Each structure stands twice: as structure tokens, then as C-alpha cells.
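All remarks here apply to the structure that follows.
Values quoted throughout were computed directly from the atomic coordinates according to the rules given, and no laboratory measurement underlies them. Source: prediction; values computed, not measured. Cβ placement follows ideal geometry from the backbone for every residue including glycine, while neighbour counts extend to all protein chains displayed.
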Amino acid sequence: MELRRWNVRHVRMVLESAPVFSPFVRGAAVAAVRSRAGEDAVGQLLAAAQADAAESIPALPADLYLEFMRTGRREGYEDAQRQRRNMLYRLTLAEWLDGQGAFVDAIENIAFARLEETNWAWPAHARMLDMPDHPTVDLAAAMTALDLAEMDYLIGDALSPSLRARLRSEIDRRTVAPFLDRNDHWWLHSTPDRQVNNWTAVCVAGVVGAACYLETDLDRLANIITRGLHSLADYLETFDSQGGSSEGPDYWSYGFGNYVVLAQLLHARTGGQIDLLDDPQIREIAQFPVRTVLTQGLWASFSDSDSNPTFHPGLLSHLAERLELPALTELGMQNDFSVEVFNQFAWPLRQFAWPLPERNVAFGGTSHDWFADMAWMISRLDPGDPNSLRLAIKGGHNDEMHNQNDVGSLIAVSKGKVVLTDPGRGRYSKAYFGPERYSNIMASSRGHSVPVVNGHEQAVGRQHAASVITHSHGADADRLTLAMAAAYPAEAGITSLERDVVFDRSVRGGRVTLSDSYGFANGAGTFQSVLVTPLAVEAGPETVRIGDAAGGVSVRFDPQAVSVSTERHDGVEKQYAPSVDLTRVLFTALGNAASGQVNLEISPL
């Protein structure tokens with residue numbers, strides 16, 4: 001579906017002919033949802049909601065909001081607000097499923113507290129407390145709008161008229177009207193200087209989704225929907241021709257997941273006449289999790305993604321059913337009807353409402369996947385054996401979405417354990433998203449298995465990129481050769497740098513060969529090939545042992561050509577995860593020659 005072809009007049013006509021908007025069942029029909037979920041899951045939810053009803057509402061004072069501006073720390077406010085959200089989610093679901101009014105008072109208390117928050121936007125996005133006439137429309141504000149609109153739809157008949165009126169007024173003031181009337185939202189459209197990212201899908205889904213529930217003026221709703229569709233057209237252009245996203249699997253789940261939420265709501269609001277999933281490109285995008293899985297339970301962790309993202313079971317099963325992609329239900333995401341792991345009400349609601357076939361963990365990818373536009377190659381020795389060797393390597397450039405300076409970065413997995421890592425996201429702080437981002441090891445090339453050239457790391461910017469020289473896939477081997485000199489600043493003095501990576505299936509257990517060939521502009525220079533690991537490292541005269549027999553590799557090198565040293569970084573902070581210890585293994589070319597080559601052979605222990 002070409003989203004830009006929609007105009008206000010066309011959308012208005014569709015809305016006029018649409019049936020009654022019924023995205024979810026209510027009343028007596030909820031019994032079927034409760035039955036499908038099972039009494040154990042429903043009983044646990046009701047018990048949790050009863051505990052929430054007895055709890056005090058977490059406070060959100062101004063000094064907690066301003067903590068980010070003053071110290072760079074964002075968790076204090078976000079965690080307290082997340083507690084409010086989760087309490088409201090559980091109470092709403094419990095009242096929807098139980099329908100006896102037992103949770104209404106507690107719902108109204110928390111809902112009014114949410115309406116009274118000065119900002120719905122997170123401190124990291126608004127920085128200061130908003131002025132009443134210029135609210136910040138960010139991820140959290142948009143999600144809050146949809147949260148409250150869906151709550152109103154599910155249990156509105158049990159809520160007080162004053163709450164429902166205030167809810168409509170605040171959603172419009174804080175999100176819908178600014179979305180429709182202002183053009184200062186950076187995430188609304190791509191510009192020559194900035195590409196949109198997951199924010200576009202999340203913010204558009206929240207605002208337009210809320211309007212689908214609450215807006216009664218069809219002319220205004222047609223304008224809102226049309227603006228959203230045109231914005232989403234820019235979002236879809238961030239994916240490559242194979243459906244890949246340089247933001248990685250985590251942000252596929254978040255951004256594209258919200259795209260699918262809105263697809264469901266628009267389908268229901270227009271009687272299927274606007275179907276955001278009816279497009280061959282969407283089928284490609286939907287397969288990103290099955291194409292980036294390294295082995296069962298582990299994914300390629302490039303950019304600010306992690307190796308073990310959470311995919312919503314409801315999202316996977318919905319896409320599997322709509323797009324006939326059964327592998328999506330075989331990724332090991334069990335539906336435990338949990339609320340705490342979600343950032344918005346849309347997902348716990350859909351955990352109950354969407355069909356959720358239970359499958360055993362089985363899918364571990366195919367032998368090879370290739371994303372040509374992003375230059376990501378993923379190779380697997382034996383997809384049926386989760387313990388077999390796996391490799392991921394990327395080209396790309398250093399101005400990607402959630403960018404890290406990681407051109408040429410590679411990941412190796414053996415026996416279901418990440419041995420050579422791309423460590424994913426660092427702790428989200430003011431510095432991490434500011435000018436100091438690339439002093440953080442997680443975002444700089446120091447945190448990735450890429451060369452150091454004349455003491456220089458890779459530089460940030462789209463011009464600092466790789467180009468693909470060769471890519472091939474065969475039964476015996478996969479190969480990717482990248483030209484990477486442009487990834488480094490001019491001061492590095494590098495005229496040529498080719499990284500050649502071969503995933504060899506012809507040897508028992510598999511093998512990865514890594515060859516970095518380089519040449520300097522002005523005579524001799526220093527060159528280091530680097531491998532980054534979270535595991536223990538033991539260097540020998542001709543091999544480096546990383547990890548152990550339960551998950552590790554040996555790295556063979558020529559001691560006549562390189563020396564080996566290590567560099568430890570303990571307690572590196574991550575977002576939403578424990579800190580990690582990283583070791584950089586540096587293979588330094590001997591002789592400071594004008595040109596040379598570093599060759600490494602990486603084999604499972």
C-alpha cells in the first residue's frame with residue numbers, strides 16, 4: 001500500500017462508509033477471552049490488581065523530573081512513572097475481564113493522577129517541565145494517549161463522566177492537537193539532515209490510534225489519519241529492500257510493533273479499507289526477527305539492540321496469522337500474560353485479545369541471510385543444531401539510526417553463547433545521546449571488533465562507511481569483503497583497508513577466517529585488528545583462547561606477524577540490563593610497515 005496516495009478527501013469517504021468501530025470485545029463477549037487465557041492467568045492478574053488497588057500511587061515530584069537535566073539520570077522518574085502505568089494496566093485488564101466494578105475506584109485514582117502529571121513526555125525528551133500551551137509529543141506522551149483511550153473503550157461505561165471528559169480533553173491538548181497543528185516534531189518526517197526512526201511509528205500509532213477511539217468529527221479525524229499515513233511512509237523508507245532495520249531487532253519490536261498496533265486499529269476503524277499490512281514490503285519487514293536470529297534465543301545485537309530482545313507473543317502470532325509466516329511463532333516467545341515487561345497498554349491488552357498459539361522453541365534461522373542495503377551477513381553452520389557456530393557481520397555507515405561507530409563489526413556465537421560480541425546499548429543517559437556519545441565504549445568503535453588505525457577509532461558520519469566488494473553464499477562457505485578505509489578519519493592516514501570474512505562450513509565444527517589488509521598514505525603506520533568479548537581470555541604463543549569448552553573459540557594468529565595484548569573494561573553500564581565486563585583482544589601488526597595484513601582463524605573450542 002502506497003501510504004502517500006491517501007488524501008484527506010479519500011480518507012473522509014472511507015470513514016463515512018465504515019462499520020461501527022469494534023477493535024476489541026466488551027461486555028458478555030469478554031467471557032471467551034477469559035476462557036482462552038485460562039483461569040490461572042486470569043487469577044494471577046486479578047490478585048495482582050487487588051494488590052495494586054491497596055498500594056499508594058508512586059509520587060512524581062518536580063525535582064525527580066528535573067533530575068535528568070541536572071544529573072543526566074533518567075531512571076528515577078521513568079521507573080516511578082512506569083509503576084503508575086503498570087498498575088493502571090493491571091487494574092484495567094482486571095476490570096475488563098472481571099466486570100464487577102471491584103477495581104473502578106483504584107482505576108480512577110491512578111487515571112486522574114496520570115491526567116494531572118505536568119508532563120506525559122519523559123524528562124530525557126522534554127528536558128524542562130512543559131509549558132501548558134506547548135506540550136512535548138514524544139514516545140511516552142503518545143503511548144499514554146493510546147493507553148488512556150483504550151482504557152476508556154474497554155471499561156468506559158464503568159468510569160465517571162468527569163474522568164472520561166477530562167481524559168478526552170487532555171489527550172487532545174497534549175497529543176492530538178499538537179500532532180495536527182504543529183510541524184516542530186522532528187520525528188514527523190525525514191529531512192536532508194535527519195532520518196526518522198522508531199519514534200515515528202510509536203508516536204504516530206499512539207496519537208492516531210487514540211484519535212481512532214475518541215475523535216467524533218470525521219473531517220478532523222480524516223486529517224489526523226492522513227497526516228499519520230504520510231509520516232509512516234517516511235518510516236517505511238528506513239527499512240532496506242529485505243525488510244532490515246539498522247536499529248536492530250529490539251527496535252523492530254518497538255517501532256514496527258507499534259506500526260502493527262495502528263494497522264489493527266485503522267483496519268477496524270475503516271472496515272479494512274485502510275490496511276497497513278497489505279504490502280509486499282511489510283511481509284519482508286515482518287520477517288526481520290527470523291532473519292536476524294543467530295541461534296535460539298540470541299539475535300544480532302548491532303546498534304542499540306541487545307542479543308536477547310523480547311518480542312511480544314501477540315505481535316508475532318498476529319503477523320504469523322495475517323501474513324502466513326509460521327516461523328514467527330517458533331521464536332520461543334512464550335505468552336505468560338505478563339504486564340511488567342511492556343511499556344504501553346497496547347501489548348498486555350493484545351496478549352489477551354489476539355490468538356496466541358503456543359509453540360516450542362524450534363526456529364534457529366536458515367543457513368544464511370543477507371541484507372544488501374545495510375550489508376549485514378548472518379551465517380549459521382547447522383540451523384537445526386542450536387549449539388553450532390554462528391556469525392553476523394555488518395558494513396553500513398556511521399550515521400545509522402541509534403548509530404554506533406561499528407562499520408565491519410562482527411559477532412560470533414558458539415554453543416549458544418555470545419563469544420565475540422557487539423555489546424549493544426549502553427546506559428541511556430544525557431551523555432549517551434549527546435555530544436559525548438562516542439566517548440562511551442558501547443557506542444564507539446572501541447566496543448566493537450573492528451580495527452584501530454594509527455591509534456584512531458572510526459569517525460561518526462554517513463561518509464564514514466563501508467562499501468561491499470564481494471558477497472557470496474554457498475553450501476561450503478559464505479564470504480563478505482568490505483572496503484573500510486572511509487570509516488576512519490583523514491588523520492588516520494589509511495589509503496586502503498579491506499576486511500575479508502569467510503564463514504567456512506567445509507571444516508568440522510565450522511571456522512571463521514578474518515583478514516584485514518591495509519595500506520598507509522605516508523609510509524609506516526600502526527595497525528591493530530581487535531576482537532571484543534565478554535568472556536575470559538587466555539593468550540598463548542600462537543592461539544588466543546576465548547571462553548571455554550561450554551562456549552568459546554580459539555583464535556589462531558601468526559606470531560611472526562602480530563603481537564597480542566588485552567585491554568579490560570569492567571562494569572560497563574547497559575540499559576535495562578546488568579553491567580557487562582568486556583575484554584578487547586588486540587592483534588597488533590609487527591614492523592609498522594606501509595602496508596600489511598592481519599590474518600586470524602576463529603574456530604569453536
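Which FRET efficiency, nearest 0.05, do Arg568 and Ala362 yield, Cβ-Cβ r, R0 41 Å?
Values: r = 38 Å, r/R0 = 0.93.
For R0 = 41 Å, the calculated efficiency reads 0.60.
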Shape verdict for segment 354-456, please, from the Cα gyration tensor: rounded (a/c under 1.5), prolate (a/b greater than b/c) or oblate. prolate
Which residues' amide hydrogens lie under 5 Å from the amide hydrogen of Ala372, considering only partners 5 or more residues apart or on another chain, with H built in the peptide plane? Gln242
Using a basic spin-label model with each label point 7 Å from the Cα along Cα→Cβ, how many nm lie between Phe112 and Thr526? 6.7 nm
Counting only other residues whose beta carbon sits under 12 Å from that of Gly571, what net charge do I get with K and R as +1, D and E as -1? 0
Tell me the angle of helix 198-214 to the major Cα principal axis of the chain, expressed in degrees between 0 and 90 and rounded to the nearest ten. 10 degrees
Under a crude label model (7 Å from the Cα following the beta-carbon direction), how far is Asp181 from Ser160 in nanometres? 2.8 nm
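Starting from 0.36 nm per residue, how many nanometres of slack lie between Leu605 and Glu55 once their C-alpha separation is accounted for? Can you show the working numbers first?
Details: separation 550, 0.36 × 550 = 198.00 nm, distance 5.21 nm.
Length difference between fully extended and current span is 192.8 nm.
Per-residue counts of other Cβ atoms within 10 Å, averaged by peptide: what ranking do you get for 302-313, 497-508, 560-571, highest first?
On the way: 302-313: 21.6, 497-508: 18.8, 560-571: 12.9.
Sorting 302-313, 497-508, 560-571 by mean packing, highest first, produces 302-313, 497-508, 560-571.
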Where a ≥ b ≥ c are the square roots of the eigenvalues of the C-alpha gyration tensor, would you call segment 368-604 rounded, which needs a/c under 1.5, or, failing that, prolate if a/b is larger than b/c, or oblate? rounded
Quickly estimate the mean residue ellipticity at 222 nm for the chain, helices only: each DSSP H run with n ≥ 4 gives -39500 (n - 2.57), and the total goes over all residues, rounded to 500. -10000 deg cm²/dmol
Roughly what angle does helix 218-236 make with the longest principal axis of the chain, taking Cα atoms, 0 to 90 degrees, to the nearest 10? 10 degrees
Once the other residues with Cβ under 14 Å from the Cβ of Ala18 are scored (Lys, Arg +1; Asp, Glu -1), what is the net sum? -1
Sorted by mean Cβ packing within 10 Å, highest first, what order do the peptides 91-97, 153-159 take? 91-97, 153-159
May I ask you to derive the FRET efficiency for Thr216 and Asp279 from their Cβ-Cβ distance with R0 = 45 Å, giving the value to the nearest 0.05? 0.90
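Quick check on the exposure proxy: order Arg425, Arg84, Arg269 from fewest to most C-beta atoms within 10 angstrom. Let's see the in-between values first.
Numbers: Arg425 23, Arg84 18, Arg269 27.
Listed from fewest to most nearby Cβ atoms, that is Arg84, Arg425, Arg269.
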From the phi angles alone, apply the Karplus equation (6.51, -1.76, 1.60; θ = phi - 60°) to segment 446-458 and give each ³J(HN,Hα) in whole Hz, x where the residue is Gly or Pro. 5, x, 10, 7, 9, x, 10, 10, 6, x, 9, 7, 5
Using θ = phi - 60° and the Karplus curve 6.51 cos²θ - 1.76 cosθ + 1.60, what whole-Hz ³J(HN,Hα) does each residue of segment 189-194 get, with Gly and Pro shown as x? 8, 6, 10, x, 9, 8
Residue-by-residue Karplus 3J(HN,Hα) for segment 61-69, coefficients 6.51, -1.76, 1.60, Hz, glycine and proline x: x, 4, 5, 6, 5, 7, 4, 4, 4
Using only Cα atoms and rounding to the nearest 10 degrees, what angle (0 to 90) does helix 75-98 make with the longest principal axis of the chain? 50 degrees
Quick one: order Tyr488, Tyr254 by neighbouring beta-carbon count within 10 Å, fewest to most. Tyr254, Tyr488
Sequence-distant or interchain residues sharing an amide H contact under 5 Å with Phe345, placed H: which? Asp147
